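Quick notes on the structure that follows.
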Amino acid sequence: MRMENKVAIITGAGRGIGRATALRYAEEGARVVVADIDQDGAKNVADEVGAKGGNAFAAQANVADRNSVSEMVQETVGRYGRVDILVNNAGILRDAQLRKMTEENFDGVIDVNLKGVFNCAQAVIPVMLEQGSGVILNASSVVAAYGNFGQTNYVAAKASVTGMTKVWARELGRKGIRVNVVSPGIIRTRMTEGIPEKVMAKLLERVASNRLGEPEEIANAYLWLASDEASYVNGHTLAVDGGRLFKKTASIQITEIEEVDNEEVFGSFDPGRVCVCKRSARFSSRGLFGRNSNGTFQWKPCAGLYSYSAMGQLFKSW
Ligand SMILES: NC(=O)c1ccc[n+]([C@@H]2O[C@H](COP(=O)([O-])OP(=O)(O)OC[C@H]3O[C@@H](n4cnc5c(N)ncnc54)[C@H](O)[C@@H]3O)[C@@H](O)[C@H]2O)c1
């Protein structure tokens, strides 16, 4: 068991990634503090850990409130005597485009996603320093690196978390405390369940693994980073995102060869969309075939490689 005798506080553990992490840590022998602003959620997860033979207690805590955080840490030390791991996972969204984002929504996200991380880390540091050991893991997001439409507040917080982590790694590394970031991609939790199907499909086009991640896959990253197997990993941001691509390129892949209108078709691009690429007698003559609504093919000469969206535009313009 990789977490034997360890005590871990996980914020936002009442559901989603935090819940999965609490269950995974407990499975590996940790005593877990299931901290969440949502008391029922925290209690349910702590009960779930208990039902599986693990050791956990639920702590209602608002990471944005320093008194609440301080009480939660005191209770942890009172019950378990130490704090080995802090997973700063609690997070919220309040999306709006820049011109429409209210100050309240900006501050709300900063208070939880950024200041909450600071509050919790500052509250456990005296305990970890006294122990001469500890691990702090912070939740960022792929959007910290790429930006995201409508997420000024969220991206500001998540990008700052990665910067803050590097500072703490420098300040605390020599004292036996490691600080790292996990940067999840698109994960199947309540945070992403409202994303419309079409938008999700577009988002997943840019994920090399071409699927949503599961909370357990993030929990495994938190497990490894907290374990002694990662003893020399410090100040690092670990992306767990299925391979995020800037742009899905249409580098023509030869997937099938067929004859259309007596022309040699050498590659098939996205067969689901019945688009095919063709090479006619001369190699230099390149273009795309699109199927019309009446089922016949139409040929449009073009050169070079096209992104999926550029191809789409090309067909729309026919
Ligand atoms: N789901 C994703 O695709 C994704 C992607 C990148 C990063 N993340 C990050 O991972 C973390 C977990 O996300 P999730 O998808 O599990 O979200 P979620 O919404 O399912 O769960 C978040 C949990 O945090 C709790 N919480 C909210 N405000 C709190 C506060 N002030 N104090 C304490 N607890 C609070 C909620 O009650 C909830 O239980 C977040 O920091 C999120 O930003 C998620």
* Within the range 205-225, restricting attention to residues that are modelled with pLDDT of 95 or more and small (Gly, Ala, Ser), which residue is surrounded by the most Cβ atoms within 10 Å (Cβ to Cβ)? -> Ala219
* To do: Looking for whichever is part of a helix (DSSP H, G or I), in contact with a strand residue (DSSP E or B) (Cβ under 6 Å, 6 or more places away or on another chain) and of a type in the set (A, V, I, L, M, F, W, C) here; the options are Val77, Val49, Val63. Which one fits?
  => Val49
* Structure fact -> Exception for Arg99 within (1) of a type outside the set (Ser, Thr, Tyr); (2) within 15 Å of the ligand (Cβ to nearest atom); (3) within 29 Å of Ala144 (Cα to Cα) falls at (2)
* Structure fact -> Scanning the range 186-238 for residues that are without any contact (Cβ under 8 Å) to a residue 40 or more places away in the chain and closer than 23 Å to Ser133 by Cα, the one nearest to the ligand (Cβ to nearest atom) turns out to be Ala221
* Out of all the residues in the range 177-184, is one or more basic (Lys, Arg), exposed (fewer than 15 other Cβ atoms within 10 Å of the Cβ), outside any loop (DSSP other than H, G, I, E, B) and in contact with a helix residue (DSSP H, G or I) (Cβ under 8 Å, 6 or more places away or on another chain)? -> no
* Asked: Is there a residue being in contact (Cβ under 8 Å) with a residue 60 or more places away in the chain, farther than 21 Å from Glu217 by Cβ, away from the ligand (no atom under 16 Å from the Cβ) and buried (at least 21 other Cβ atoms within 10 Å of the Cβ) anywhere in the range 22-45?
  -> no
* Asked: Quick check: is even one residue across the range 128-149 surrounded by 18 or more Cβ atoms within 10 Å (Cβ to Cβ), away from the ligand (no atom under 16 Å from the Cβ), of a type in the set (A, V, I, L, M) and assigned by TED's automatic domain parsing to the domain that holds Asn234?
  -> yes
* Can we say Gly91 is more than 16 Å from Val127 (Cα to Cα), in a loop (DSSP other than H, G, I, E, B) and more than 10 Å from the ligand (Cβ to nearest atom)? -> no
* Asked: What is the number of the single condition among (1) surrounded by fewer than 19 Cβ atoms within 10 Å (Cβ to Cβ); (2) of a type outside the set (S, T, N, Q); (3) touching a strand residue (DSSP E or B) at 6+ places or on another chain (Cβ under 8 Å); (4) modelled with pLDDT of 95 or more that Asp228 does not meet?
  -> (3)
* To do: Please list, ordered by first then second residue, the pairs with beta carbon atoms under 8 Å, 6 or more apart or interchain, first in the range 125-149 and without any contact (Cβ under 8 Å) to a residue 60 or more places away in the chain and in a loop (DSSP other than H, G, I, E, B), second surrounded by fewer than 20 Cβ atoms within 10 Å (Cβ to Cβ) and not hydrophobic (A, V, I, L, M, F, W, C).
  => Gly132/Lys175; Gly132/Gly176; Ser133/Gly176; Phe149/Gln97
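The values are calculated or read from the model by the stated rules, or taken from the named source; none is laboratory data. Keep in mind the model is a prediction, meaning the values are calculated, not measured. All Cβ positions, glycine included, derive from the backbone under ideal geometry; neighbour counts span all protein chains shown.
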